[in-house]
1. 7 Å from Cα along Cα→Cβ at both residue 270 and residue 294: what's the point-to-point distance in nm?
2. Taking the number of other C-beta atoms within 10 Å as the exposure measure, put 260, 345 in order starting with the fewest.
3. For each of 50, 102, 194, count neighbouring Cβ atoms within 10 Å of the residue's Cβ, then give the residues from fewest to most.
4. Can you figure out the FRET efficiency of residue 312 with residue 161, using R₀ = 30 Å and their beta-carbon distance, to the nearest 0.05?
5. Using a Förster radius of 30 Å, what is the FRET efficiency between residue 371 and residue 277 based on their Cβ-Cβ separation? Nearest 0.05, please.
6. If you stretched the chain out fully between residue 285 and residue 149, how much longer would it get, using 0.36 nm times the residue separation minus the C-alpha to C-alpha distance?
7. Sorted from largest down, give the three principal axis spans of the alpha carbons of the range 256-365, whole angstrom values.
8. When a footprinting reagent is the concern and you count Cβ atoms within 10 Å, what order do 165, 312 take, fewest first?
């Protein structure tokens, strides 16, 4: 794996020539980096890490096809422009430099569920990239849960030979949900190496709403990831309490829906009158009953990336307050959403201007992810 620097941080730059490195060092002393005509600000001289950055190595594209739960070739047609460059690392680096992103964590998002050969090719492609550009990329291990007889060896290979870290999943596989026993072995492997699992929503036309108004791409996917949070919270974490989880898209809008879950959180072991168990309650009352602290304790190892909402600042600000600065991180969903570096840079600068502690900004832009990926 890519080694952290002496301070334990992910190195923010790939290897460059002596003259260029000297130029960068001078600019970094002023807490501002300029590459070409592109410029970005830094929070206390910190780097920016993109949690949700999608890349398909060329060798894996040929394996995209049909699985029992979905025809993935539909996505190739719908996002044809993205797939012209999604496997071109130079295009990704140019975008990152212009947008102000120092490190990108690579995963396949909804395409993870294309089967063993696809995942294996992705893992090998990711490994090649992080070795060629040390300090600029991290790669997560792609697996297909149905290939349960091969996954343990592939995860072992991913960590010990390919230099990858973390396991990438989707929130559902057809009728198989994220709390299915089929996925338990993957959680066990994550715990074995003390690495996180990353959960991304799928792209399937049979999601709620279907193709009508593109609901399967917009709200249905957010429902699926929000549903997966509940399944993880009540179904997975009781069995694997030390599991580290990263949920994409702010957990499908959990910065707002968390209030709903808090009002209806009623685990066993609390003195809730039987006649009140079927009702919601004020979050203030939930706090008095100790339910709020119980909820937060159960969610202590869950992180949410902010991709999926167009970088809308009100949503990000809300996440700082409702989910907390220790539980959120930056994400672009490149190349599907924040694909234009000018706007991505503006979002980073907007976060920099928020009237919140600088340490909270640092956690969001890089610190929380460094804890999980600086191994």
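1. Simple spin-label model gives 0.5 nm for this pair.
2. 260, 345
3. Least crowded to most crowded, the residues run 194, 102, 50.
4. Here the calculated transfer efficiency is 0.15.
5. E between residue 371 and residue 277, to the nearest 0.05, is 0.20.
6. 44.2 nm
7. Largest first, the range 256-365 extends 55, 29, 22 Å along its Cα principal axes.
8. Going from least to most buried by this count: 312, 165.
Coordinate-derived values only; no laboratory data. Just so you know, these numbers come straight off a predicted model, no measurement behind them. In this analysis, Cβ positions are derived from the backbone assuming ideal geometry, glycine residues included, and neighbour counts consider all displayed protein chains.
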